[in-house]
Each structure stands twice: as structure tokens, then as C-alpha cells.
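The structure under discussion appears below in the form of C-alpha cells.
We did not get these values from a lab; they are worked out from the coordinates using the rules stated. Quantities reported herein were computed from a predicted structural model and do not represent experimental measurements. In this analysis, Cβ positions are derived from the backbone assuming ideal geometry, glycine residues included, and neighbour counts consider all displayed protein chains.
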Amino acid sequence: MSFAWKMASPCEGKGTYWMIAETDLKEIRPELPTGAPSSAHVQSGIPVPKAIRVKNFSPDDWEDFIEEWSTSLEDSYVKVRRFGGSGDYGVDIAGFCTDNGFEDTWENYQCKRYAHPLRPSDIWVELGKIIYYSYIGEYTPPRKHHFVASLGVGTTLEKLLNRPTELREKFKENWEGHCKSGITSTKEIELSEQLLSYVNAFDFTIFTSKSHVELIEAHSHTGFHAVRFGGGLPIRPVPEAPPAVPTSSESRYIRQLLDAYGDHLGSPLQDTSALVAHSMLEKDFRRQRERFYNAEALRNFARDTVPEGTFDDLQDEVYHGVVDVADSTHPNGYVRMKATVAQASSVALTANPLTSVTKSQDRQGICHQLANEDRLKWVMDDD
């Protein structure tokens, strides 16, 4: 067996050496990746898990994230409102189950950002506010009170929240040190005999917590998720086929198509039944409707996956990419429409978040959405 010599630290004595066996010395060999690295890894590094990113949010990012996440609650309640300021009475984000607000069933979400996971000492005042203000009639007790914390809920508090009887007793023990002077700055609140009776009868099972996994899952159903966390957009559903009978929402762009066809034929078309005598135009009409419905499907997809206004920006990009063609001189409205729709297919869409899921049919269909709003016209007054 071979040995290596290592000089000891100064405090161990000058000139002192330790003898280390060669077998205790290992080569430095970082573990190789289990899979092949992608170009995205080279450009951006190994992805940081979403839960870790939430924990590292700045105060402003945390506030923005909570605002975005709270929009996911709108499907669960009649109304969702956020309260703030010194007079919030312990209410942060309230989800109302009826139009009667605080007078009926509601739930409270208390969102906190601390430099540590939430501890029992962090919540006594919050419990005190809910109990005291419901006791004096400011509102009915919430059906549930959820604690949401940037670094999560600590193990001690999580256990306590799952032991409501013990939570009640600990709460009473901490009234003097936390709640008496902490509920309001205007006066001290004694745990009177009547208030104590209210505490003893209060349902402490309403107090619970939300994990980061639950927050991120709910946030993933908002239009903010892809922009906040990246990772691309979800798979886009297959667009539905147009109904056999056009709907009222299609009336304007269909009228424009019929006018374009009539301009081409040299005689007006009163309605879609007139297309039966013109098979080529009838096939074109079906294609244009399919494109319109593709664009409508993209609009609906955007509503659920990207921030509000993203699809409007996409429409504007297409509009500016085709408007010069639409405004140029053409033999008739049909030729103008065909040229404009063809131009839409070649419009470069690079900046919009929807680019990765936008097809040629969508670009072409957006032309008909614009025609539906009269931003594009196929038959000009001076033609």
C-alpha cells in the first residue's frame, strides 16, 4: 500500500504531517448526464424546477405570481377579490360562493412572503383576526382559510394545522403574546369569557395550507403560466369543423365573401344558396370558413394559455403583413381576397408567444376575422 503525506493545519503544530493512504485519494470525475444534453441546455442551462423558482421569487415576482395564480380561482367562485391595507380584517384574497359576499359562504387565502417556511408564530395573529372579526360580526367565518407562503409551510405548522384540537389550545396559549395587541393597533383585545366561549366553539378545521405543487398546478391553467415559467405551450386541440349552417357571428365576413364572389361573377349573390351553381366558388367558400374556424380555435386556445391581448397582437401582426396587398389595385374583390389570404401565409410571425402553435390556416383565417370587423374589405367602393 502506498501513502501520501499532508501537512497539518497551523493549529495542529508546526511541521506536523498526516499520513493518508493512497486508496483514500480519488480522482475528480463529475457524473455524466443520464441523457443527451439538448441545445436548450447549452443556451439556458439545466432547467430549474418550478417549485424552486417560486421559492426564489423576489418580493415583486411573488406578488405578480399571486395575482396571476388568483385568476385560477375565478372558476371556483362567483367572485374573487383581493383586499389590502391596514383595514383588511385578516382577509387577503376572498373567494365568494354567492352574490351575498361576506354574509354567506366564502373562503380566504392568506398569502405570505417570509424568509423562512411558515411557522406557528407567524399565524397566531392571522387566526386571531379571523376569529375576532367574525366574532364581532364583520363577516361570517370563512368555510376555509388557506395559508399560502413563498417558502411553503414548515413541518411543525403543517402538523398543527392537521390537529385542529391542539391548534385551538395552542392558539389560546398564544393570545396574550400575539393577539391581544396584534389584531388591531387601536386597542388591546382581551380574551374575555364571551370571546373564549366563541373560540372554544370555533371550527379550527377551516385552517389549512396550499403547497407549491398545488399553486403551480392551478397557475398552469391560467394564461400566464407559459410566460412565467417557460417550457412551451400545451398541445393545441384539433379545431372543430364549421357547422353546416353559418352562425350569426360569421355574418359580416360571409357577406364580404359573397360580395367578392359576386364582383368576380359580375352579378350579386344574395346568400350562400347561390353558390350551388358555382362549384369552384362553393369549394373556396368552404375552405375560407374552415380557415376562419381555425383562427377562432386559436383565439380560444390563446385565451386559456397566454396573457390577455396576445391574440390581439397576433391579429395586428397579420393585419400589417397583408394590408398593403389588400389596399392595392385588383381586378375584382375575389382576386383581392385570394391575394390577401395568400400573403397571410407568408407573414413572418417571430415575436408573438403563439408563433409556435400558429399554422398557415390560422394566418389565413385571421384575414376573415379582420374582415368580420371590417378592418379588411374585399370590394372597395372605388373598384
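Between residue 78 and 96, 97, 98, the built amide H atoms are under 5 Å apart, and every one of these is 5 or more places off in sequence or on another chain.
Expressed in Å, the radius of gyration and Dmax of the Cα atoms of the chain are 32.4, 109. Charge tally around residue 221: other residues with Cβ under 10 Å, Lys/Arg +1 each, Asp/Glu -1 each, net -3. Between 84, 101, 128, the residue with the greatest mean-square fluctuation in the GNM of the chain (Cα pairs under 10 Å linked by springs) is 84. How much of the pair distance distribution for the stretch 54-222 lies past 28 Å, counting alpha-carbon pairs only, in percent? Tail of the P(r) past 28 Å holds 20 percent of the pairs. Near the amide H of residue 207, within less than 5 Å, lie the amide hydrogens of 145, all on another chain or at least 5 residues away, with H placed in the peptide plane. In terms of other Cβ atoms within 10 Å, 263, 61, 122 run from fewest to most in the order 61, 122, 263.
Taking 0.36 nm per residue of separation and subtracting the current Cα-Cα distance, fully stretching the chain between residue 194 and residue 119 would add 24.2 nm.
Arranged from fewest to most other beta-carbon atoms within 10 Å of their beta carbon, 337, 380, 280 become 280, 380, 337.
Bridges between two residues of the chain, per DSSP, are antiparallel at a rate of about 55%.
Springs between alpha-carbon atoms under 10 Å, Gaussian network over the chain: tell me which of 274, 244, 342 tops the mean-square fluctuations. Between 274, 244, 342, it is 244 that shows the largest mean-square fluctuation. The ranking of 340, 186 by Cβ neighbour count inside 10 Å, starting from the fewest, reads 186, 340. Here the sum of -39500 (n - 2.57) over DSSP H runs of 4 or more residues, divided by the residues of the chain, equals -13000 deg cm²/dmol at 222 nm, to the nearest 500.
The value of relative contact order for the stretch 54-222, using C-alpha pairs under 8 Å at least six residues apart, is 23 percent. Largest GNM mean-square fluctuation across 278, 368, 225, computed for the chain with C-alpha springs under 10 Å, falls on 278. Sequence-ordered 3J(HN,Hα) estimates for the stretch 218-224 from the Karplus curve with 6.51, -1.76 and 1.60 and θ = phi - 60° stand at 5, 5, 5, 9, 9, x, 9 Hz, glycine and proline given as x.
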